[in-house]
Amino acid sequence: MDFDFSDDQESLRDAVRRWVDKGFSFERRHGIAKAGGATREVYRELADLGLTGLAVAESRGGMGFGAVEAMVVCEELGRGLVNAPFAEAALMAPALLAAAPQVLQAAWLPRMAAGEAMVVPAVQERAARYRLNHVGVHALTKGDLWTLTGVKTGVPAGDEADAFIVPARLHGAADSTDGIGLFLVDRGAAHVRGYPTQDGARAAELVLAVTPAMLITRDGWGALETAVDIGLAAQAAEAVGLMDRLVAITVEYMNTRKQFGVPIASFQALRHRVADVKMQLELARSMSYYASLKLGEPAPQRRRAVAQARVQLGQSMRFVGQQCIQLHGGIGCTDEYIASHYFKRLTMLEMTYGDTLHHLGEVSSRMQDTAGVFA
């Protein structure tokens, strides 16, 4: 299989990398985190590059690019430790809105592509344990008017967003995949409680109490699964960029840090550990490519591939992060040093939309679902 990138994809990578190198230094990132993690200004700069319209169709003012271009961008944003909800607002939200009526798409997608509106999915609920079908928010209708009641938690950049895409239960059992609708909720109609996260970003609880909402679709399960898989593939690519840069920082440190009068990079035991780290990085890179390339497959194969990739990424993120911090020693744990921030972000990603054990269970489940396909 040919894994070479096209000239357009390489040009896109270079454009994002130049912006990161020029406009998003660690000092700026650290300052944003210390100030509470607000990212709307950074998101506007991504919009100036055209990246917020990456996954939006050209007919709606976007670029109409696909999964590989999204992977390229997310790798570079990860390498630069860019603090912005790109995967959620620029990739997942357009995928969810693709199920909406044309009038709703026309009202929101052009604004999202231009970066004028930040719309984020509000998916997780308390006690859900990463299960997407655990939906406790209830939707009620009176004529053509819909209202939602319930709580969503861990909403990325929730107190900075202009609107939210909310899965809500129309009917059926609490953990059923049937009866889940998707709704668009305006920021001004909901109560939002924001808070900083461990990695220097922001999240929020979204409290809905007979809150007006616009119906996207009554059959939201398929769109929800697709959007979360897109988010998982994007986060896998971001993690590859994070690990790639963290390994480079670690090797540079080892070449300058001296003990017994020689650089610690010359110690054979440490060189072997770096080799193991690089092996995990390349395994993660391969599975990130695999996840992105499978996003266009039918749902059973796609979900299985993404879960498999997420298991490897979870193992690699933990191993690479821990080893690189240990190779730094005490300085690697300090807030003033860049390596600790890469480790924090890797830790957050390992827990987002399901930890490694959750996705290991998904792999087992998907293997059973697809047994007949591969028989």
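The values are calculated or read from the model by the stated rules, or taken from the named source; none is laboratory data. All values reported here derive from a predicted model rather than from experimental measurement. Cβ sites come from the backbone with ideal geometry, for glycine too, and all protein chains shown count toward neighbours. In case anyone asks, the SASA skips ligands and DNA or RNA and just uses the protein heavy atoms, side chains included. Shrake-Rupley method; radii C 1.70, N 1.55, O 1.52, S 1.80 Å.
Some notes on this structure:
- Taking region 55-125 as the region of interest, the helices (runs of 4 or more DSSP H) fully inside it that hold 2 or more residues being in contact (Cβ under 8 Å) with a residue 60 or more places away in the chain and closer than 21 Å to S292 by Cα are 67-79, 93-97.
- Of the candidates D219, D244, D186, the single residue that is within 26 Å of C74 (Cα to Cα) and either modelled with pLDDT under 95 or not basic (K, R) (or both) is D244.
- Test: A189 is touching a helix residue (DSSP H, G or I) at 6+ places or on another chain (Cβ under 8 Å) and of a type in the set (A, V, I, L, M): no
- Screening the candidates E282, E297 for the property of being over 27 Å from P156 (Cα atoms) and not in a helix (DSSP H, G or I) yields one hit, E297.
- Selection status of I264, of a type outside the set (K, R), at pLDDT 95 or above and on the phi < 0 side of the Ramachandran plot: no
- Condition met for V251 (farther than 25 Å from S364 by Cα, among the β-branched types (V, I, T) and out of contact with any Phe, Trp or Tyr (no Cβ under 8 Å at 6 or more places or on another chain)): yes
- Taken over region 195-206, the criterion of being in a strand (DSSP E or B) and surrounded by fewer than 17 Cβ atoms within 10 Å (Cβ to Cβ) is satisfied by Y195, P196.
- Count of residues meeting criterion [open to solvent by 40 Å² or more (accessible area, probe 1.4 Å) and more than 25 Å from A174 (Cβ to Cβ)] in region 83-132: 10
- Note on region 307-355: residues that are closer than 19 Å to M287 by Cβ, part of a loop (DSSP other than H, G, I, E, B) and open to solvent by 50 Å² or more (accessible area, probe 1.4 Å) total 1.
- Taken as a whole, the structure leaves A209 outside the set of residues that are part of a helix (DSSP H, G or I) and at pLDDT 95 or above.
- Lone qualifier among A84, A99 - being in contact with a strand residue (DSSP E or B) (Cβ under 9 Å, 6 or more places away or on another chain) and aliphatic (A, V, I, L, M): A99
Yes or no, residue by residue, for (1) surrounded by 12 or more Cβ atoms within 10 Å (Cβ to Cβ); (2) of a type in the set (K, R); (3) over 24 Å from V120 (Cα atoms); (4) modelled with pLDDT under 95:
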position: M1; (1), (2), (3), (4): no, no, yes, yes
position: A15; (1), (2), (3), (4): yes, no, yes, no
position: R18; (1), (2), (3), (4): yes, yes, yes, no
position: K22; (1), (2), (3), (4): no, yes, yes, yes
position: S25; (1), (2), (3), (4): yes, no, yes, yes
position: I32; (1), (2), (3), (4): yes, no, no, yes
position: G36; (1), (2), (3), (4): yes, no, no, yes
position: R40; (1), (2), (3), (4): yes, yes, no, yes
position: R44; (1), (2), (3), (4): yes, yes, no, no
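Per-residue answers, yes or no, for (1) under 29 Å from W108 (Cα atoms); (2) touching a residue at least 40 places away in the same chain (Cβ under 8 Å); (3) of a type in the set (S, T, N, Q):
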residue: T197; (1), (2), (3): yes, yes, yes
residue: A201; (1), (2), (3): yes, yes, no
residue: T217; (1), (2), (3): yes, yes, yes
residue: A233; (1), (2), (3): yes, yes, no
residue: A237; (1), (2), (3): yes, yes, no
residue: L242; (1), (2), (3): no, yes, no
residue: A248; (1), (2), (3): no, no, no
residue: V251; (1), (2), (3): no, no, no
residue: S266; (1), (2), (3): no, no, yes
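- Selection of region 287-304 for residues being in contact (Cβ under 8 Å) with a residue 24 or more places away in the chain and among the hydroxyl-bearing types (S, T, Y) yields S288, Y289, S292.
- Residues located in region 133-187, provided they are over 17 Å from P101 (Cβ atoms), open to solvent by 20 Å² or more (accessible area, probe 1.4 Å) and part of a strand (DSSP E or B): H138, L140, K142, T147, T149, V151, T153, G154, P156
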